[in-house]
Amino acid sequence: MRFDLLIRGGHVVDPGGGHDGDFDVAISDGRIAAVESGIPAGSAFQVIDATGQLVTPGLVDLHTHIFHKVTYWGVNPDPVASVTGVTTWNDAGSAGALTLPGLREFVVERARVRITAFLNISNIGLVGENYECANIAYLDVDLFRRLANRNRDLVRGVKVRMGTPTVGDNGLEPLVRARQAAEECELPLMVHVAFGPPEVEEVLALMRPGDILTHCYTGLTMKIVDDDGRLHEFARRAWDSGVIMDIGHGTGSFSFETAEALTAAGRRPDVISSDLHQLSINGPAYDLPTCMSKFLHLGLPLRDVVEAATSRPAEILGIDREAGSLRPGSRADLALFRLHRGRFPLYDISGAMREGEELLANTLTIVGGRPLERLAPDPPAPWAEDPIWPYAQQPFTQQQKTLRELGHTPTAMAAAAEGGED
Ligand SMILES: [Zn+2]
């Protein structure tokens with residue numbers, strides 16, 4: 001029997017499947033058939049030469065927004081997947097109970113990539129930019145439970161955004177209801193933090209082991225370090241007891257200052273996710289591989305960076321038999337990358353720059369054994385063309401424009417590195 005596809009000569013980094021070395025990957029019927037060295041080229045109908053490249057499981061992004069054309073933040077996932085290697089997209093609360101059927105029919109069923117969802121405790125989800133939890137009448141636990149239970153294949157957790165711009169005057173009540181929904185449905189709870197009140201200490205007090213704190217390396221007021229960069233004792237206790245720390249870079253939530261303080265203290269995030277959405281897609285988050293490159297700069301080993309964006313999030317989503325590794329039998333979702341070496345300016349959301357030494361650049365994305373055609377992302381939504389964004393030091397679109405002009409986008413940097421290496 002011949003394999004359908006063989007990826008030969010690459011360096012496989014597959015923490016979930018236990019591979020880190022030079023291996024060939026064979027695919028049959030859309031599934032991983034073998035990961036071994038020296039599989040002959042003649043044993044497959046089609047061969048892809050991956051010499052000089054990294055071969056990883058398709059990336060699993062725990063925090064994204066893909067309910068495009070219906071919600072403020074949503075982007076169309078397939079074109080982005082085709083140039084970034086992200087083959088599993090967990091939508092973090094774009095849909096609430098009232099819009100979940102639309103997410104399934106209009107996005108999930110039409111996409112090539114795999115999509116899972118954390119259902120928002122607010123039944124209107126993220127139709128608008130903010131304030132989804134400001135009207136407590138939208139936080140209906142009974143309706144949440146009904147929709148979650150009828151969509152168990154899709155719904156993998158509960159999402160709530162905590163902070164004044166989302167809860168208004170409702171304090172901790174949205175989190176209390178999200179906690180109740182999580183317990184009744186036996187789902188993990190993902191909590192977003194940004195600007196308090198409420199404060200992060202009160203929020204963490206309501207979280208349990210297995211829950212996810214997203215935006216964990218934020219530099220905004222709900223950060224988990226004090227102003228001298230020391231990890232708060234209450235945050236240390238939560239983290240060590242099993243609360244999962246997730247990056248969710250986005251446009252408000254990745255601070256090099258916080259990241260460097262926590263790295264110096266010997267901490268590393270459990271999950272690296274992009275919080276990719278209408279605003280963050282144009283930088284400085286850009287995409288998941290660029291977020292991962294920031295952690296290579298911070299000194300995390302490549303293996304650990306890949307684990308935090310493949311097998312670890314797949315376990316949290318309860319899909320690790322199907323996604324996040326190259327274990328034989330799992331769906332053949334893979335990504336190929338060049339790891340460019342040089343000097344790469346990388347930015348956080350405040351505009352602070354660090355010079356990275358490595359840049360992870362996707363060259364090919366495979367879903368269910370079939371390569372995705374490389375496509376340009378959809379144009380921005382009209383409301384995202386010139387948004388008001390209070391978090392950055394300079395107007396947000398100005399910052400993005402400056403990075404484009406400087407050639408500091410991942411696409412431009414990878415192209416320049418490609419030219420230099422030839
Ligand atoms: Zn988000």
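Going by how many other Cβ atoms sit within 10 Å of their own, how do M353, M190, M1 line up, fewest first?
Placing the least packed residue first, the sequence is M1, M353, M190.
Using a cut-off of 22 Å between alpha-carbon atoms, which lysines can reach K294, once sequence neighbours fewer than 8 places away in the same chain are excluded?
List returned: K223, K401.
What is the order of D4, D49, fewest Cβ neighbours within 10 Å to most?
Working: D4 17, D49 12.
With the fewest neighbours first, D4, D49 line up as D49, D4.
Among D142, D22, which comes first, second and so on when ranked by fewest other beta-carbon atoms within 10 Å?
Starting with the residue having the fewest Cβ neighbours, the order is D142, D22.
Note down the relative contact order for the range 316-379 as a percent, whole number, built from C-alpha pairs under 8 angstrom at least six residues apart.
Relative contact order here is 30 percent.
Would you mind calculating the gained length between D142 and D169 on full extension (0.36 nm times residue separation, minus the Cα-Cα distance), in nm to one decimal?
7.5 nm
Give the residue list of trypsin sites (Lys or Arg not before Pro) in the range 155-223 that are DSSP loop and have at most 11 other beta-carbon atoms within 10 angstrom.
none
Sequence-distant or interchain residues sharing an amide H contact under 5 Å with I39, placed H: which?
Under 5 Å from the amide H of I39: D24.
Within the chain, what is the longest stretch that has no GluC sites (Glu not before Pro) placed in a DSSP loop and near at most 12 other beta-carbon atoms within 10 Å?
The answer is 187-372.
Quote the charge dipole size of the chain about the Cα centre in Debye, to the nearest 20; the model charges only the Cβ of Lys and Arg (+1) and of Asp and Glu (-1).
It works out to roughly 720 debye.
Mind giving me the FRET efficiency for D227 and R110? R0 is 51 Å, r the Cβ-Cβ distance, nearest 0.05 is fine.
The pair D227/R110 has a calculated efficiency of 0.65.
For the range 180-320, just say rounded, prolate or oblate: build the C-alpha gyration tensor, square-root its eigenvalues into a ≥ b ≥ c, call rounded for a/c under 1.5, and beyond that prolate if a/b exceeds b/c, oblate if not.
It comes out rounded by the Cα gyration axes.
Percent relative contact order of the range 99-208, based on C-alpha pairs within less than 8 angstrom and at least six residues apart?
Once normalised by length, the contact order is 27 percent.
Taking 0.36 nm per intervening residue step and subtracting the Cα-Cα distance, what contour gain separates F234 from R150 on full extension?
Details: separation 84, 0.36 × 84 = 30.24 nm, distance 3.66 nm.
That pair, F234 and R150, stretches by 26.6 nm at full extension.
For the range 257-303, what's the relative contact order in percent, using C-alpha pairs closer than 8 Å and at least 6 residues apart?
Relative CO of the range 257-303 lands at 35 percent.
What does the highest-first list of 95-104, 55-64 look like by mean Cβ count within 10 Å?
55-64, 95-104
If r is the Cβ-Cβ distance from T51 to R321 and R0 is 41 Å, what FRET efficiency results, to the nearest 0.05? Let's see the in-between values first.
Details: r = 31 Å, r/R0 = 0.75.
E(calc), rounded to 0.05, equals 0.85.
Given a Förster distance of 41 Å, report the FRET efficiency between Q398 and E184 from their Cβ-Cβ distance, rounded to the nearest 0.05.
Result of the calculation: an efficiency of 0.35.
Compute the distance in nm between two label points, each set 7 Å from the Cα along the Cα-to-Cβ direction, one at D386 and one at D304.
About 4.5 nm separates the two model spin labels.
Each value in this text was obtained by applying a stated rule to the coordinates, not by laboratory testing. As the structure is a prediction and not an experimental result, all values here were calculated from the model. Every residue, glycine among them, receives a Cβ derived from its backbone with ideal geometry; neighbour counts consider all protein chains shown.
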